[in-house]
Amino acid sequence: MSLPHILLALLVTLIWGVNFVVIKVGLEDFPPLLFCALRFALAALPLLFLRGPMPAPFWRIVQIGLLLGVIKFGLLFVGMHLGMPAGLSSLVLQSQVFFTILIAALFLGERPSRRGLFGLLLAACGLVLIGLGRPLGDSLLAFMLVIAAALAWAFANIATKRSGAKDMLRLICWVSLIPPLPLLVLSYVFEGPEAIGVALAHPSWGGIGALVYIAFLATTVGFGLWSFLLQRYPASLVTPFALAVPVSGLLSGWLLLGEQLSATGWMACVLVFIGLAITVLPKGLLGRAFSGSRRLTPDP
């Protein structure tokens, strides 16, 4: 991957890492399925200004919309509503990386290199270290819902790659048209009209700000850039960047909420980024960096 595209991928991980803190804020005002429906309704608004044909076949747009918007985010929001902490949710959801690489190998014939697998193993060890220091929460059901959300995201990644779309901003806006109606129906059935009415009648500024953030930054900008990268590189090269999302989540919690990171937590963050570097950076660049570090070391 080129350096500008690596920086774009890291920007997405920062946006998505902060997003888990923002989701927790929004869930204080909105029931989870309603919150998710409103998110995608707002994320589809740029279509009022975008012109041109559909960026992909309509059936593929529906497929991505259902996988990504209804299943993945519906399960994630409900899981967090039921008790999954924001930091742990950001960690568990990144199991989508391993699901995506497995599915890409089975259906797209993409085989990760040995170096890539080694980098993934290092990053996975970093995630385990982070997870060991996070509380599981009170609900096993909530934990399993987030795991299921990660699997849905993996299938959405593959569907996005196979869509053939070139205009990624238009794609994510069209995809955002699909989830609101099914999610509103689910919200009406499971959350009830009274809860919907109260949430819409009395939102706080924090809830409104959270909705704007997840609709435009996390969805339009984040998934637009993510889909852009998936169209240009193998899924096994792009999706490992998502392993940095829980690191961004932990760092944002430390900076914005005053949450403390232990020495083990910092070491885990470094381990994740080393694993990512081994996985995604060109082999020649890594070799030059390693040889340069050896030259800087004085001879005994």
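The values are calculated or read from the model by the stated rules, or taken from the named source; none is laboratory data. Nothing here was measured: the structure is a model prediction, and the numbers come from that model. FYI the Cβ positions are ideal-geometry reconstructions off the backbone, even for glycines, and counts take in every protein chain you see. All accessible areas refer to the heavy atoms of the entire protein, side chains included, with ligands and DNA or RNA removed. Shrake-Rupley method; radii C 1.70, N 1.55, O 1.52, S 1.80 Å.
Determine whether the stretch 172-193 contains at least one residue that is over 22 Å from Gly26 (Cβ atoms) and either open to solvent by 10 Å² or more (accessible area, probe 1.4 Å) or modelled with pLDDT under 80 (or both). Checking the stretch 172-193: at least one residue is over 22 Å from Gly26 (Cβ atoms) and either open to solvent by 10 Å² or more (accessible area, probe 1.4 Å) or modelled with pLDDT under 80 (or both).
The residue pairs whose first member lies in the stretch 73-101 and is in contact (Cβ under 8 Å) with a residue 12 or more places away in the chain and within 18 Å of Gly253 (Cβ to Cβ), whose second member is basic (Lys, Arg) and open to solvent by less than 10 Å² (accessible area, probe 1.4 Å), and whose beta carbons are closer than 9 Å, counting only pairs six or more residues apart or on different chains, are Leu93/Lys72. All but one of (1) open to solvent by less than 20 Å² (accessible area, probe 1.4 Å); (2) under 16 Å from the mean Cα position of the chain (by Cα) hold for Gly26; state the number of the condition that does not hold. Of (1) open to solvent by less than 20 Å² (accessible area, probe 1.4 Å); (2) under 16 Å from the mean Cα position of the chain (by Cα), only one is false for Gly26: (2). One residue alone among Phe118, Phe98, Phe77 is within 27 Å of Ser187 (Cβ to Cβ), assigned to a helix (DSSP H, G or I) and not aliphatic (A, V, I, L, M), and that residue is Phe77. Residue count for the stretch 140-158 under the criterion of being open to solvent by less than 30 Å² (accessible area, probe 1.4 Å) and either in contact with a strand residue (DSSP E or B) (Cβ under 9 Å, 6 or more places away or on another chain) or within 22 Å of Val78 (Cβ to Cβ) (or both): the result is 9. Here the condition is being touching a residue at least 60 places away in the same chain (Cβ under 8 Å), part of a helix (DSSP H, G or I) and loosely packed, with under 15 Cβ neighbours inside 10 Å; of Thr219, Thr264, it holds for Thr264 alone.
Selection of the stretch 89-104 for residues being open to solvent by 10 Å² or more (accessible area, probe 1.4 Å) and of a type outside the set (Val, Ile, Thr) yields Leu91, Ser95, Phe98, Phe99, Leu102.
When the stretch 29-52 is filtered for residues that are open to solvent by less than 30 Å² (accessible area, probe 1.4 Å) and either closer than 17 Å to Leu186 by Cβ or in contact with a Lys or Arg (Cβ under 8 Å, 6 or more places away or on another chain) (or both), the ones remaining, listed by number, are Phe30, Pro31, Pro32, Leu33, Leu34, Phe35, Cys36, Ala37, Arg39, Phe40. All of Leu76, Leu82 fail the test of being surrounded by fewer than 22 Cβ atoms within 10 Å (Cβ to Cβ) and over 21 Å from Arg232 (Cβ atoms), apart from Leu82. Within the stretch 44-55, which residues are under 18 Å from Thr219 (Cα atoms), touching a residue at least 60 places away in the same chain (Cβ under 8 Å) and in a loop (DSSP other than H, G, I, E, B)? Ala44, Leu50, Pro55 - these are the residues of the stretch 44-55 that are under 18 Å from Thr219 (Cα atoms), touching a residue at least 60 places away in the same chain (Cβ under 8 Å) and in a loop (DSSP other than H, G, I, E, B). In the stretch 105-119, the residue that is nearest to Leu271 (Cα to Cα) out of those that are at pLDDT below 75 and surrounded by 14 or more Cβ atoms within 10 Å (Cβ to Cβ) is Gly116. For the residues Ser139, Ser163, the requirement of being modelled with pLDDT of 75 or more and hydroxyl-bearing (Ser, Thr, Tyr) singles out Ser163. If you go through the stretch 272-279 one residue at a time, do you hit one that is over 28 Å from Arg162 (Cβ atoms), in a helix (DSSP H, G or I) and either open to solvent by less than 10 Å² (accessible area, probe 1.4 Å) or at pLDDT 85 or above (or both)? Scanning the stretch 272-279 turns up at least one residue that is over 28 Å from Arg162 (Cβ atoms), in a helix (DSSP H, G or I) and either open to solvent by less than 10 Å² (accessible area, probe 1.4 Å) or at pLDDT 85 or above (or both). One residue stands out in the stretch 55-70 among those that are touching a Leu at 6+ places or on another chain (Cβ under 9 Å) and open to solvent by 20 Å² or more (accessible area, probe 1.4 Å): the one that is farthest from Leu177 (Cα to Cα), namely Pro55.
Quick one: would you say Ser252 is closer than 13 Å to Gly17 by Cβ, open to solvent by less than 20 Å² (accessible area, probe 1.4 Å), at pLDDT 75 or above and assigned to a helix (DSSP H, G or I)? When the stated conditions are applied, Ser252 passes them. Quick one: is Gly207 modelled with pLDDT of 75 or more, within 30 Å of Lys161 (Cα to Cα), among the small types (Gly, Ala, Ser) and surrounded by 14 or more Cβ atoms within 10 Å (Cβ to Cβ)? Against the criterion (modelled with pLDDT of 75 or more, within 30 Å of Lys161 (Cα to Cα), among the small types (Gly, Ala, Ser) and surrounded by 14 or more Cβ atoms within 10 Å (Cβ to Cβ)), Gly207 does not qualify.
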